[in-house]
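One structure below.
Every number here is computed from the coordinates shown, using simple stated rules; none is lab data. Everything quoted here is computed from the prediction, not taken from an experiment. Methodologically, a virtual Cβ is constructed for each residue, glycine included, from the backbone with ideal geometry; neighbour enumeration extends over all protein chains shown.
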Amino acid sequence: MSPLSLLARLGRLALGALAAVGRVALFAISTFTHMLRPPYYPREFALSLLQIGWLSLPVVGLTAVFTGGALALQIYAGGARFNAEAVVPQIVAIGMVRELGPVLVGLMIAARVTSSIAAEIATMKVTEQIDALVTLSTNPMQYLVAPRVLAALITVPLLVGIGDVIGIAGGYAVAVHNLDFNAAAYLKNTVDFLEPLDVISSLVKGAFFGVIAATMGCYYGMQSGRGAQGVGSATKSSVEAAAVLILAANFILTGVFFSL
Amino acid sequence: MTQDQSPPPMIRMDGIHKAFGSNRVLRGMDLSISRGSSMVIIGGSGTGKSVALKSVLGLIKPDAGAIYVDGKPAGSGDRDAFLARFGMLFQGGALFDSLPVWKNVAFRLQRGALKRPADEARAIAIEKLRRVGLKSDVADRFPAELSGGMQKRVGLARAIAAEPEIIFFDEPTTGLDPIMSGVINDLIREIVVEMGATAMTITHDMSSVRAIADTVAMLHDGVIKWVGPVADLDQSGDPYLDQFIHGRAEGPIEAVR
């Protein structure tokens with residue numbers, strides 16, 4: 001391959017990537033404008049709150065409790081190398097609240113909610129239900145997309161908050177029952193060490209991750225190709241995009257909150 | 001000087017072109033459907049029948065040409081008011097899986113300009129279900145619990161729920177056995193006549209054509225090859241139409257497209 005054709009190929013790839021970013025950005029802007037103007041669909045919104053928030057609690061809770069417990073064991077074992085076993089409560093708290101809580105909840109939401117939204121909307125697309133909505137004078141952006149993204153914006157920060165608490169509780173349980181930490185001292189160290197900014201950053205990350213997860217599910221669902229393969233491809237792409245964007249957003253938000 | 005006092009056709013398509021990539025599906029389609037008549041468009045798979053129908057509704061934007069509904073350009077004015085004039089039966093029913101049957105039928109009656117109280121909307125839905133031959137106990141079932149024929153009937157009930165002036169039927173008998181196809185064809189004919197609606201149907205099914213149509217148009221190579229009354233179908237002398245209605249492999253229409 002000549003240098004010129006290689007350059008042309010790279011250029012096409014770059015243009016394609018930029019066009020994709022542009023399409024997603026326009027979709028996100030359109031979603032937010034549709035959230036603000038009537039008609040509103042309270043039933044769809046309530047169902048989305050249930051699906052995204054309430055029904056995600058078990059998987060979020062289990063992820064957080066096991067991660068908190070494993071974190072306590074790791075910090076204890078690692079800290080023992082330089083006589084720093086006592087920092088387990090502080091590191092579990094900061095690790096869960098600043099990083100692991102929001103990121104793991106975000107990724108679990110990407111796995112559970114993004115895939116579900118993408119598959120549902122893609123199936124509606126290939127079975128002409130989206131066209132049927134339009135012919136029934138109902139805007140799919142307002143009926144399908146806006147309620148889901150708004151529900152994720154509200155519920156995922158709450159899930160992150162709950163995940164943070166359960167993760168710390170997991171670390172506490174392991175530290176107190178397996179590593180002989182004093183229960184009261186563990187709790188005091190946890191509370192004393194956490195700062196308001198830690199909690200705020202966790203919840204703000206949750207809001208961003210929720211919007212990313214729901215928007216990617218809706219976007220890829222609405223863009224789905226035909227047939228079962230189209231639905232499968234939309235679902236796979238939505239989860240991949242949501243997971244990568246959540247991790248990238250986490251890096252940027254961590255920088256904004258703690259390094260600037 | 002005399003002026004033409006005849007009303008404009010309910011639907012007029014002038015020189016519609018639509019391509020998907022290099023595939024030029026419609027290549028200057030012209031068609032006129034008069035008010036209160038039942039037009040059936042026939043043609044092979046992939047000849048653009050659904051594209052033509054969806055273009056009228058604005059679900060697909062033509063690359064060129066103009067579409068008029070009741071003498072006004074389609075898509076001009078209030079979109080909701082425009083769409084409220086239409087009902088559509090989709091090929092697969094396109095019922096909303098998450099809603100019970102009655103909410104599917106009453107969907108348009110529960111929101112927007114045509115919104116009614118829930119009790120009234122449910123009563124209308126049950127009446128429309130009865131009109132298409134379904135009992136009221138179907139109302140609270142979900143679409144997935146119904147047979148293909150029942151789903152088509154529910155789709156038909158939804159299409160007529162708001163008593164539209166224009167009804168589109170996209171392959172209304174696809175996937176149904178001959179008896180159920182006959183039932184759906186008869187229902188469509190009865191309902192269209194009873195409501196005085198303008199109907200546009202696309203199908204491959206010649207029994208549907210003869211049961212539903214006042215006028216038949218044949219779409220091939222992106223243009224209307226023949227249009228005329230259903231009574232002239234067998235004496236058209238058009239080689240494309242003859243091949244299609246008799247299902248012959250030999251003729252001007254290539255079997256492999």
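I'd like to check which helices (runs of 4 or more DSSP H) are fully inside segment B:1-113 and have at least 3 residues that are surrounded by fewer than 23 Cβ atoms within 10 Å (Cβ to Cβ) and not polar (S, T, N, Q).
The helices (runs of 4 or more DSSP H) meeting that bar are B:49-57, B:79-83.
Out of (1) in contact (Cβ under 8 Å) with a residue 24 or more places away in the chain; (2) within 14 Å of another protein chain (Cβ to nearest Cβ); (3) not polar (S, T, N, Q), what's the single condition that is false for A:Ile166?
(2)
Look at B:Glu145 and say whether it is touching a helix residue (DSSP H, G or I) at 6+ places or on another chain (Cβ under 7 Å) and of a type in the set (D, E, K, R).
On the way: touching a helix residue (DSSP H, G or I) at 6+ places or on another chain (Cβ under 7 Å): no; of a type in the set (D, E, K, R): yes.
In short, no.
Let me confirm something: among B:Ala217, B:Ala213, B:Ala197, which residue is buried (at least 19 other Cβ atoms within 10 Å of the Cβ), small (Gly, Ala, Ser) and closer than 26 Å to B:Trp102 by Cβ?
Details: B:Ala217 fails: closer than 26 Å to B:Trp102 by Cβ; B:Ala213 fails: closer than 26 Å to B:Trp102 by Cβ.
Every option except B:Ala197 fails the conditions.
Which of the residues belonging to segment B:59-86 are within 8 Å of chain A (Cβ to nearest Cβ) and either under 21 Å from B:Glu163 (Cβ atoms) or in contact (Cβ under 8 Å) with a residue 24 or more places away in the chain (or both)? Can you show your working first?
So the first thing to find is which residues in segment B:59-86 are within 8 Å of chain A (Cβ to nearest Cβ), and the list is B:59, B:79-80, B:83-84, B:86.
Of everything in segment B:59-86, those that are within 8 Å of chain A (Cβ to nearest Cβ) and either under 21 Å from B:Glu163 (Cβ atoms) or in contact (Cβ under 8 Å) with a residue 24 or more places away in the chain (or both) turn out to be B:Arg79, B:Asp80, B:Leu83, B:Ala84, B:Phe86.
Among the residues of segment A:201-232, write down those that are over 22 Å from A:Thr31 (Cα atoms) and either of a type outside the set (Lys, Arg) or surrounded by 24 or more Cβ atoms within 10 Å (Cβ to Cβ) (or both).
Start the filter on segment A:201-232 by keeping residues that are over 22 Å from A:Thr31 (Cα atoms), which leaves A:201-202, A:226-230, A:232.
Passing the criteria: A:Ser201, A:Ser202, A:Gly227, A:Ala228, A:Gln229, A:Gly230, A:Gly232.
Whether any residue in segment A:68-88 is surrounded by fewer than 13 Cβ atoms within 10 Å (Cβ to Cβ) and among the β-branched types (Val, Ile, Thr) is what I want to check.
The answer is no; no qualifying residue exists.
Within segment B:48-58, how many residues are away from chain A (no Cβ under 12 Å), closer than 21 Å to B:Ala197 by Cα and in contact (Cβ under 8 Å) with a residue 60 or more places away in the chain?
2
Taking segment A:110-143, which residues are surrounded by fewer than 24 Cβ atoms within 10 Å (Cβ to Cβ), among the hydrophobic types (A, V, I, L, M, F, W, C) and within 18 Å of A:Gly210 (Cα to Cα)?
A:Ala111, A:Ala119, A:Met141
Residue-wise test of (1) part of a helix (DSSP H, G or I); (2) farther than 22 Å from A:Leu158 by Cα.
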| site | (1), (2) |
| --- | --- |
| A:Arg23 | yes, yes |
| A:Phe27 | yes, yes |
| A:Thr31 | yes, no |
| A:Tyr40 | no, yes |
| A:Leu47 | yes, no |
| A:Leu50 | yes, no |
| A:Gly53 | yes, no |
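Looking at segment A:92-132, which of its residues are acidic (Asp, Glu) and either more than 14 Å from every other protein chain (Cβ to nearest Cβ) or at negative phi (or both)?
Step one: list which residues in segment A:92-132 are acidic (Asp, Glu), which gives A:99, A:120, A:128, A:131.
A:Glu99, A:Glu120, A:Asp131 - these are the residues of segment A:92-132 that are acidic (Asp, Glu) and either more than 14 Å from every other protein chain (Cβ to nearest Cβ) or at negative phi (or both).
Looking at B:Ala161, B:Ala121, B:Ala139, B:Ala94, which one is among the aliphatic types (A, V, I, L, M), away from chain A (no Cβ under 14 Å) and either touching a residue at least 60 places away in the same chain (Cβ under 8 Å) or closer than 20 Å to B:Ile191 by Cβ (or both)? Walk me through it before giving the result.
Numbers: B:Ala161 fails: away from chain A (no Cβ under 14 Å); B:Ala121 fails: away from chain A (no Cβ under 14 Å); B:Ala94 fails: away from chain A (no Cβ under 14 Å).
None of the other options fit; the residue is B:Ala139.
In this structure, does A:Asp180 turn out to be within 14 Å of chain B (Cβ to nearest Cβ) and either out of contact with any strand residue (DSSP E or B) (no Cβ under 7 Å at 6 or more places or on another chain) or of a type in the set (Ser, Thr, Tyr) (or both)? Even if it seems obvious, please write down each step before you answer.
Values: within 14 Å of chain B (Cβ to nearest Cβ): no; either out of contact with any strand residue (DSSP E or B) (no Cβ under 7 Å at 6 or more places or on another chain) or of a type in the set (Ser, Thr, Tyr) (or both): yes.
So A:Asp180 fails the test.
Please enumerate the residues belonging to segment B:105-118 that are at the interface with chain A (Cβ under 10 Å from one of its Cβ atoms) and among the small types (Gly, Ala, Ser).
B:Gly112, B:Ala113
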